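Here's the structure, in structure tokens; my notes come after.
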Amino acid sequence: QVQLRESGGGVVQAGGSLRLSCAASGRTFRGYDMAWFRQGPRTEREFVTRITWDGIATLYADSVKGRFTGSRDNAKTTVYLQMNSLKPEDTAVYYCVRARNNIVSKASTEYDYWGQGTQVTVSS
């Protein structure tokens, strides 16, 4: 079993920055790719970024490319999402998730463990 707990969400003005953290506990973390998804108040769940098991982020949604950076610290079993130049449309609940396998995918069905999420609100 893997438990994922996100933190770092909050309210920020447009143009500001936030850093989300995801602490993982349980038997397996190292060796698995991790990812971030988000779901806005009127949108479907959306892929944000995927971080490979060795800490190199491989895939970003076009909407966040150049503004968001995914990373991880395997020694601390923690995943991060640095969000810069935030926009009101980034307002969403952000979820930390674990990949089922090494097939790089944006589909939510390819991720088996999900955190409870942390709210990010960007005001204009």
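Scan region 16-36 for residues that are small (Gly, Ala, Ser) and assigned to a strand (DSSP E or B) and jot them down.
Those that are small (Gly, Ala, Ser) and assigned to a strand (DSSP E or B): 21, 23, 24, 25, 26, 35.
Would you check which residues across region 1-15 are open to solvent by 30 Å² or more (accessible area, probe 1.4 Å), modelled with pLDDT of 95 or more and either in a strand (DSSP E or B) or in contact with a Phe, Trp or Tyr (Cβ under 6 Å, 6 or more places away or on another chain) (or both) and list them?
Selection gives 5, 7, 11, 13.
Show me the strands (runs of 3 or more DSSP E) found entirely inside region 82-124 where at least 1 residues are farther than 19 Å from residue 57 by Cα, modelled with pLDDT of 95 or more and touching a helix residue (DSSP H, G or I) at 6+ places or on another chain (Cβ under 9 Å).
Answer list for region 82-124: 118-123.
Quick check on my filter: what residues within region 72-83 are within 11 Å of the chain's Cα centre (by Cα) and surrounded by fewer than 17 Cβ atoms within 10 Å (Cβ to Cβ)?
If the condition is that a residue be within 11 Å of the chain's Cα centre (by Cα) and surrounded by fewer than 17 Cβ atoms within 10 Å (Cβ to Cβ), then 82 is the only one that fits.
Confirm whether residue 69 is open to solvent by 50 Å² or more (accessible area, probe 1.4 Å) and outside any strand (DSSP E or B).
No; evaluated as a whole, the condition is false for this residue.
Would you check if residue 19 is open to solvent by 30 Å² or more (accessible area, probe 1.4 Å), within 22 Å of residue 86 (Cβ to Cβ) and touching a helix residue (DSSP H, G or I) at 6+ places or on another chain (Cβ under 6 Å)?
Taking the combined requirement at face value, the residue does not satisfy it.
The values are calculated or read from the model by the stated rules, or taken from the named source; none is laboratory data. The shown structure was predicted, so the numbers you read here are calculated from the model rather than taken from an experiment. Virtual Cβ from ideal backbone geometry, glycine too; neighbours counted across all protein chains shown. Protein only, heavy atoms only, side chains kept; ligands, DNA and RNA dropped before computing areas. Shrake-Rupley method; radii C 1.70, N 1.55, O 1.52, S 1.80 Å.
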